[in-house]
1. Give me the compactness ratio for the stretch 1-116, meaning the Cα radius of gyration over 2.2 N^0.38 Å.
2. Going highest first, how would you order 98-110, 24-36 by mean Cβ packing within 10 Å?
3. Classify the stretch 64-123 as rounded, prolate or oblate, taking a ≥ b ≥ c as the square roots of the eigenvalues of its Cα gyration tensor: rounded when a/c is under 1.5, otherwise prolate if a/b is larger than b/c and oblate if not.
4. Is there a quick way to get the dipole size of the chain? I mean about its Cα centre, with the Cβ of Lys and Arg at +1 and of Asp and Glu at -1; what is the value in debye to the nearest 20?
5. For the stretch 16-123, with all protein chains present and a 1.4 Å probe, just round the carbon and sulfur fraction of the accessible area to a whole percent.
6. Express the accessible area of the chain per residue in Å², computed with a 1.4 Å probe while the remaining protein chains stay in the model.
7. Tell me, what is the percent relative contact order of the chain, built from C-alpha pairs under 8 Å that lie six or more residues apart?
8. Antiparallel DSSP bridges in the chain: what percent, to the nearest 5?
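The values are calculated or read from the model by the stated rules, or taken from the named source; none is laboratory data. Source: prediction; values computed, not measured. FYI the Cβ positions are ideal-geometry reconstructions off the backbone, even for glycines, and counts take in every protein chain you see. In case anyone asks, the SASA skips ligands and DNA or RNA and just uses the protein heavy atoms, side chains included. Shrake-Rupley method; radii C 1.70, N 1.55, O 1.52, S 1.80 Å.
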Amino acid sequence: VQLQASGGGLVQAGGSLGLSCVASGRTFSTYVMGWFRQAPGKEREFVAAIMDRGSQTYYTDSVKGRFTISRDNAKNTVYLQMNMLKPEDTAVYYCAADKAQYYRRAAQDYEYWGQGTLVTVSS
């Protein structure tokens, strides 16, 4: 599986941004998809995940109520809609795919990764 993330950019605090991640291959609908982020000097951290059929979603506490993960299996695409952005959301955002049939939030559990897209939130 190859993943291609896009949609990053510069936005003011309080603004919104939407990320997309397109996957190659025919098995996208069988993967749990996640979004992670890595700020300068920090470790990569879990942001959100969505189960293979999109029935369940999970978020880290700091983005609950502001970010929404969704997927369109017909388009092999997972999305991350980010609202009410804060300067602390500034990071490189990565999409990732996990073959496991259950929710996991550790980066090392995800087998496939996109190249990352930079999100910068100015104060």
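1. Cα-based Rg divided by the globular estimate yields 0.97.
2. Numbers: 98-110: 14.2, 24-36: 19.6.
Descending mean neighbour count gives 24-36, 98-110.
3. Working: a/c = 1.91, a/b = 1.60, b/c = 1.19.
Verdict is prolate for the stretch 64-123.
4. Working: 13 positive and 10 negative charges, 36 e Å.
Dipole of the chain, to the nearest 20 debye: 180 debye.
5. Values: 2580 of 5380 Å².
So the carbon and sulfur contribution to the accessible surface is 48 percent.
6. Details: 6270 Å² over 123 residues.
In whole numbers, the chain has 51 Å² accessible per residue.
7. Working: 310 pairs, mean separation 44.7, N = 123.
Answer for the chain is 36 percent.
8. Working: 36 of 40 bridges.
Here the share of antiparallel DSSP bridges comes out near 90 percent.
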